[in-house]
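Let me begin by presenting the structure, written as structure tokens, before commenting on it.
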Amino acid sequence: MMAALARRRRTPMASLSNWTARHGHALVSTAGHLGRHGLATALTVAVMGLALALPLALNVLVRNVRDATGDFSEAVGLSVYFKPDIPEQKARQLASIAGQRTGVASATLISASEALAEFRAQSGFGAALDALPDNPLPNVLTIRPAPGADSPSQLEALRSYLLSWPEVDSVQLDRDWVLRFSAIMQLLRRVVLITAVLLGAGVIAVVGNTIRLEILHRRDEIEVTKLVGGTNAFVRRPFLYAGVLYGLAAGAIAWGLVAIAGVSLAPAAEHLAAAYGSSFTLRGPDVYELGALLLGGIVLGWLGAWIAAARQLARIEPRTA
Amino acid sequence: MISFERVGKRYPNGREALTDLSFEVHDGEMVFLTGRSGAGKSSVLKLIALIERPTRGQVIVNGDNTGRLALRRVPYFRRSMGVVFQDHRLLMDRPVFDNVALPLIVTDTAFREIERRVRAALDQVGLLGKERVAPLELSVGEQQRVCIARAIVSKPPLLLADEPTGNLDATLAAEVMGLFRRFNEVGVTVVVATHDLPLVRESGLREITLDDGRLGTPAAHADG
């Protein structure tokens, strides 16, 4: 008879509602608990939020530098020097062929006569040039790579292709600039990654310590819960939820901080860009970064809480006076 | 229901609390554990509730050998009994409702069911309507009854009580004892550790007397 009392039949619907009850209760009681300890919760979340804000800010910076250098990439390109005996007519034909190649944003021909006129106007050697029997300048084709087709290897491929034309004398590639720039960007991305890993570990430590103190503080409650038959999983659950809520809030705060910083820096950045003749606008953190941050916050918070709970809860076993 | 076979319990500090103790409590029985303080009453209850494990001998509760039960099985084992602690062990920062509901919450009972059973348990101990009150606002006797409500809310087949009348005056003590009698009448096995001998004698129920960790004779404590 006693065994029958203890055993209860479970239908799928009942176990679903049990699951809801179980997790609903843990979530609500945890949220309530965090709310009641507003100041402590706010401080923890603020520290975590600041820690997450730094890698996000760096990432936004790198993204904006890359966006801004979309303009600089116009300074990156190839100068194609035709052989001196190629007539301007032929050079124009070749320019339009080059312009239609994929990976080429524009192909502009500076004809020998245009170049001479420009040189005459700007150099002040007009009289000396008049003494020459022929125009010594060749037709030159300036090629800008399309965005996304400007990696060193792609530029090198384009250069070999153009060199294979019989009409072309030489092709100059602004390669060093591209390589250096790409190396700087790679370094910055690495800095973002390292910062994210270090501060992520910091977030785990902050959550872990907060949860550890919380567990010690609620020792009596844990003991009583175990005495009435609460499993370790049951006792651990609210602390894991607390970790997740901390992480979620910290992610949202980090995003908010960087978004505010972005908005307040935007006018100054546009001013600077305008001074360089660029129409660049600063873009703050986007929705993908928000998603990544919230997800990261959840994972880090959960992990920190789990480590603390696994260590602490096993040690707390009921004692009686 | 409960069977002690030549049980010995020695604590890590070297104190020998129980020596060669054997007794049985049958299904649906109500017994008293008596004896001086320090005679081992609390140790017996701790061994039954699996707060401690025996150093020697066997403690069998509900068919489970407590000395061999795996750690992960312990929570499920404890769900088959309600325990009334000497020091109540109520959560002082939670209202009465939350305290009484705890044994149901740990078994993932649906909220509507919890509400119904908590009210039923509080009704049985005469505290219906005090759900939202904090334990500190209650008298000692009321706190004791909250503890009893928590022990019976999950309708366990076994009820253990450690000095449940220790802090109560004679009238309240008799009331609490009456409560245990009523649970016993509906089939619950009840074990009460107490030094309130008049109350025990009055009940006419079986008495297991401990003397320095061994079985003693009730007569030896007739004056105590």
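Are any residues in segment A:283-294 in contact (Cβ under 8 Å) with a residue 24 or more places away in the chain and not acidic (Asp, Glu), and if so, which ones?
Of everything in segment A:283-294, those that are in contact (Cβ under 8 Å) with a residue 24 or more places away in the chain and not acidic (Asp, Glu) turn out to be A:Arg283, A:Gly284, A:Pro285, A:Leu290, A:Leu293, A:Leu294.
To keep it simple, each residue is scored yes or no on (1) within 22 Å of B:Ser37 (Cβ to Cβ); (2) in contact (Cβ under 8 Å) with a residue 60 or more places away in the chain.
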{"residue": "B:Ala170", "(1), (2)": "yes, no"}
{"residue": "B:Met177", "(1), (2)": "yes, no"}
{"residue": "B:Asn184", "(1), (2)": "no, yes"}
{"residue": "B:Val188", "(1), (2)": "no, yes"}
{"residue": "B:Val191", "(1), (2)": "yes, yes"}
{"residue": "B:Pro198", "(1), (2)": "yes, no"}
{"residue": "B:Glu202", "(1), (2)": "yes, no"}
{"residue": "B:Glu207", "(1), (2)": "yes, yes"}
{"residue": "B:Thr217", "(1), (2)": "yes, no"}
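Of the residues making up segment B:51-63, those that are away from chain A (no Cβ under 12 Å) and not hydroxyl-bearing (Ser, Thr, Tyr) number 6. Is it true that some residue in segment A:75-82 is under 37 Å from the mean Cα position of the chain (by Cα), at pLDDT 75 or above, within 22 Å of A:Leu187 (Cβ to Cβ) and away from chain B (no Cβ under 11 Å)? Looking for residues that are under 37 Å from the mean Cα position of the chain (by Cα), at pLDDT 75 or above, within 22 Å of A:Leu187 (Cβ to Cβ) and away from chain B (no Cβ under 11 Å), one finds none in segment A:75-82, hence no. Report, by residue number, each residue of segment B:7-50 that is within 14 Å of another protein chain (Cβ to nearest Cβ) and surrounded by fewer than 20 Cβ atoms within 10 Å (Cβ to Cβ). If the condition is that a residue be within 14 Å of another protein chain (Cβ to nearest Cβ) and surrounded by fewer than 20 Cβ atoms within 10 Å (Cβ to Cβ), then B:Tyr11, B:Pro12, B:Asn13, B:His26, B:Asp27, B:Gly28, B:Glu29, B:Ser37, B:Gly38 are the ones that fit.
For segment A:122-165, name all the residues that are of a type in the set (Gly, Ala, Ser) and part of a loop (DSSP other than H, G, I, E, B). Outline the logic, then answer.
Filtering segment A:122-165 down to residues of a type in the set (Gly, Ala, Ser) leaves A:123-124, A:126-128, A:131, A:146, A:148-149, A:151, A:153, A:157, A:160, A:164.
Within segment A:122-165, A:Gly124, A:Ala131, A:Ala146, A:Gly148, A:Ala149, A:Ser151, A:Ser164 qualify.
Within segment B:51-73, the set of residues being in a strand (DSSP E or B) and touching a residue at least 24 places away in the same chain (Cβ under 8 Å) comprises B:Arg56, B:Gly57, B:Gln58, B:Val59, B:Ile60, B:Val61.
Looking at the structure I just gave you, is A:Thr210 in contact (Cβ under 8 Å) with a residue 24 or more places away in the chain, polar (S, T, N, Q) and not assigned by TED's automatic domain parsing to the domain that holds A:Gly49? Answer is no for this residue. For segment A:103-145, filtering for residues that are over 21 Å from A:Asp85 (Cα atoms) and either modelled with pLDDT under 80 or touching a His at 6+ places or on another chain (Cβ under 6 Å) (or both) leaves 9. When B:Glu142, B:Glu202, B:Glu131 are checked against the criterion of being out of contact with any strand residue (DSSP E or B) (no Cβ under 7 Å at 6 or more places or on another chain) and either surrounded by fewer than 16 Cβ atoms within 10 Å (Cβ to Cβ) or hydrophobic (A, V, I, L, M, F, W, C) (or both), B:Glu202 stands alone in meeting it. With respect to the stated conditions, A:Arg36 is under 30 Å from A:Phe234 (Cα atoms), among the basic types (Lys, Arg), modelled with pLDDT of 75 or more and surrounded by fewer than 17 Cβ atoms within 10 Å (Cβ to Cβ).
For every residue, the table says whether it meets (1) assigned to a loop (DSSP other than H, G, I, E, B); (2) buried (at least 23 other Cβ atoms within 10 Å of the Cβ); (3) facing chain A (nearest Cβ under 8 Å).
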site: B:Pro75; (1), (2), (3): no, no, yes
site: B:Gln86; (1), (2), (3): yes, no, yes
site: B:Arg89; (1), (2), (3): yes, no, yes
site: B:Asn99; (1), (2), (3): no, yes, no
site: B:Thr107; (1), (2), (3): yes, no, yes
site: B:Glu113; (1), (2), (3): no, no, no
site: B:Arg116; (1), (2), (3): no, no, no
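Hey, among the residues in segment B:129-162 that are assigned to a loop (DSSP other than H, G, I, E, B) and under 13 Å from the mean Cα position of the chain (by Cα), which one's nearest to B:Ile114 (Cα to Cα)? Talk me through it step by step, then tell me what you get.
Of all residues in segment B:129-162, those assigned to a loop (DSSP other than H, G, I, E, B) come to B:129-134, B:138-139, B:153-157.
So of that shortlist, the ones also under 13 Å from the mean Cα position of the chain (by Cα) come out as B:156-157.
On the way: B:Pro156: 15, B:Pro157: 18 Å.
Checked segment B:129-162; the qualifying residue nearest to B:Ile114 (Cα to Cα) is B:Pro156.
Could you go through segment B:98-121 and let me know if any residue there is closer than 22 Å to B:Asp162 by Cβ and hydroxyl-bearing (Ser, Thr, Tyr). Scanning segment B:98-121 turns up no residue that is closer than 22 Å to B:Asp162 by Cβ and hydroxyl-bearing (Ser, Thr, Tyr).
For B:Ala110, the conditions (1) free of Cβ contacts under 8 Å to residues at least 12 places away in the same chain; (2) touching a Pro at 6+ places or on another chain (Cβ under 8 Å); (3) aliphatic (A, V, I, L, M) are fulfilled apart from (2). Scanning segment A:42-64 for residues that are closer than 30 Å to A:Glu221 by Cα, touching a residue at least 24 places away in the same chain (Cβ under 8 Å) and surrounded by fewer than 22 Cβ atoms within 10 Å (Cβ to Cβ) gives A:Ala46, A:Val47.
For the structure I just gave you, tell me whether A:Leu199 is farther than 30 Å from B:Leu50 by Cβ and under 34 Å from the mean Cα position of the chain (by Cα). It is true that A:Leu199 is farther than 30 Å from B:Leu50 by Cβ and under 34 Å from the mean Cα position of the chain (by Cα).
The values are calculated or read from the model by the stated rules, or taken from the named source; none is laboratory data. In this text, all values refer to a predicted model and were calculated from it rather than measured experimentally. Methodologically, a virtual Cβ is constructed for each residue, glycine included, from the backbone with ideal geometry; neighbour enumeration extends over all protein chains shown.
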